[in-house]
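Worksheet: one structure, shown below.
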Amino acid sequence: MSGPLTGVRVVELAGIGPAPFAAMLLADLGADVVRVDRPGPGALPAGDPRRDLLNRGKRSVVVDLKHPDGAEVVLGLAARAAILIEGWRPGVAERLGVGPKAALERNPGLVYGRMTGWGQHGPLAPAAGHDIGYIAVAGALHPIGRPGGPPQIPLNLVGDFGGGALYLVVGCLAALHTARDTSRGQVVDAAIVDGTAHLTTMFAALLADGAWQPERGRNLLDGGAPFYDVYATADGGHMAVGALEPQFYAELLRLLGLADADLPAQHDVSGWPVLRARFAEVFGGRTRDEWTELFDGTDACVAPVLSLTEAQHHPHLVARATFEDHFGIRQPAVAPRLSETPGAIGGSPPAPGANTETVLTEWGLDADLPRWLDNGAVSQKQGDT
């Protein structure tokens, strides 16, 4: 491994979604991430673990935390790590004997990262939930969608990964910086509702300034403005238009052949329906590829709407190597990019328990703990946390 986090040991208590993504990002940046998997099938439907890209660059040990020696294994790993990440409901880690108090007693300099939807306290803290509910309560779901229609679901990018995983990473790295200066660890409470709300800071400012309408689809950035919207093309494709500034808007009109048309002013809200209808008519006259060629290299701020597969082959992203081929899968490359200590995608996602013996030996745990069956796992019994 290479990267700015080379030499940093991370223990990830296996979960789903944002916590694994956060640990993947740390691995991409060079950290030695050991994922502690439970015995038996995972939480998601069965699939080939070698294709679970959120586990790329990690190693896996299997520990049954309901086994009498299970907690001791995890605490032994935590004692030798800089960061521990878990994504369970509040109280689960404590109940299993691997909560922050026990871990920090073994390693006072440990950064203990906790990823939850609702946070470690509050009325909803113990409740189940998923991305869609977290971003709904945080106020981020309501503005997304067309006027008069229901809110539209932005995949789980806004909550799980944007407001969740990335905030967990920022918190853990900030706490790691402090720990290196003070030798004191701490707990990072990363709640998706908190991070998602934090992402909406600019819109809170616009709302306070009277520059944001609470009605869905009536503002500059929510599809209300005809010059910041998506338009269908003749072949069923779509073009994304983001010509906000006047000079970009002028270029948009020129390339659409509307520079001399009798149209309402750009910011005449009462004229927006006329503009939208005219833009839709013009965009519907050519295919997506034809419009892409016309707008390519211009300052009109217009781009084709590509599928996940198409994006991998866009010339700009190819030139930047935004996607790479590793272990037979084309996948997003490491981000962000550092000039002196770039990260790199590590090995393929391991099968659960594939590295148990190696990790326990390498981290110096094999002499301290009893020997176990099944390639060094504490137990292969089903354990449901």
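Just a few scattered comments:
- Using the Karplus relation 6.51 cos²θ - 1.76 cosθ + 1.60 with θ = phi - 60°, the per-residue 3J(HN,Hα) values for segment 91-103 come to x, 5, 4, 4, 5, 8, x, 10, x, x, 4, 5, 5 Hz, with x marking Gly and Pro.
- Fully extended contour minus Cα-Cα distance, from Gln120 to Thr361, at 0.36 nm per residue: 83.4 nm
- The slack in the chain from His314 to Leu258, taken as 0.36 nm per residue of separation less the alpha-carbon distance, amounts to 17.3 nm.
- Under the criterion of Cα pairs below 8 Å and six or more residues apart, the relative contact order for segment 132-172 equals 32 percent.
- Under the convention that each Lys and Arg Cβ holds +1 and each Asp and Glu Cβ holds -1, the size of the dipole of the chain around its Cα centre is about 920 debye.
- Summed over qualifying helices (DSSP H, 4 residues or more, each -39500 (n - 2.57)) and divided by its residue number, the chain shows a 222 nm mean residue ellipticity of -8500 deg cm²/dmol.
- Length-normalised contact order of the chain in % [C-alpha pairs under 8 Å, at least 6 apart]: 23 percent
- Top of Val74, Val111, Val282 by mean-square fluctuation, Gaussian network on the chain, Cα under 10 Å: Val282
- Cα centre as origin, Lys/Arg/Asp/Glu Cβ charges: segment 84-243 dipole, Debye: 440 debye
- Computed from backbone phi with θ = phi - 60° and the Karplus coefficients 6.51, -1.76 and 1.60, the 3J(HN,Hα) list for segment 317-328 is 6, 5, 5, 8, 6, 5, 10, 10, 9, 9, 6, x Hz; x is used for glycine and proline.
- Database remark: amide H of His326 closer than 5 angstrom to the amide H of Gln331 (H placed geometrically; neighbours at sequence offset of 5 or more, or on other chains; Pro and chain starts carry no H).
- Under 5 Å, built H, 5+ apart or other chain: amide partners of Arg218: Gly224
- Most fluctuating residue given options Pro90, Pro350, Pro315, as computed from a GNM of the chain linking Cα atoms under 10 Å: Pro315
- Global form of segment 1-104, assessed from the alpha-carbon gyration tensor, a/c cut-off 1.5: oblate
- Residues Ile144, Ile192, sorted by accessible area with the largest first, give Ile144, Ile192 [1.4 Å probe; ligands and nucleic acids excluded].
- Here's how it looks for Arg35: its modeled amide H is under 5 Å from those of Glu12, Arg59, Ser60, Val61, which are all 5 or more places away or on a different chain.
- Label-to-label distance for Glu94 and Gln152 is 4.3 nm, based on points extended 7 Å past Cα in the beta-carbon direction.
- Positive-end residue, the chain charge dipole about Cα centroid, Cβ charges, pick of Val98, Pro336, Ala234: Val98
- With 0.36 nm allotted per residue and the present C-alpha distance subtracted, the Glu290-Ala344 stretch has 15.8 nm of extension available.
- Accessible area per residue in Å² at 1.4 Å probe, computed on the chain: 49 Å²
- Relative contact order [Cα under 8 Å, 6+ residues apart], segment 157-299, whole percent: 19 percent
The values are calculated or read from the model by the stated rules, or taken from the named source; none is laboratory data. Since the structure is predicted, the reported quantities are computational estimates derived from the model, not experimental observations. In this analysis, Cβ positions are derived from the backbone assuming ideal geometry, glycine residues included, and neighbour counts consider all displayed protein chains. Protein only, heavy atoms only, side chains kept; ligands, DNA and RNA dropped before computing areas. Shrake-Rupley method; radii C 1.70, N 1.55, O 1.52, S 1.80 Å.
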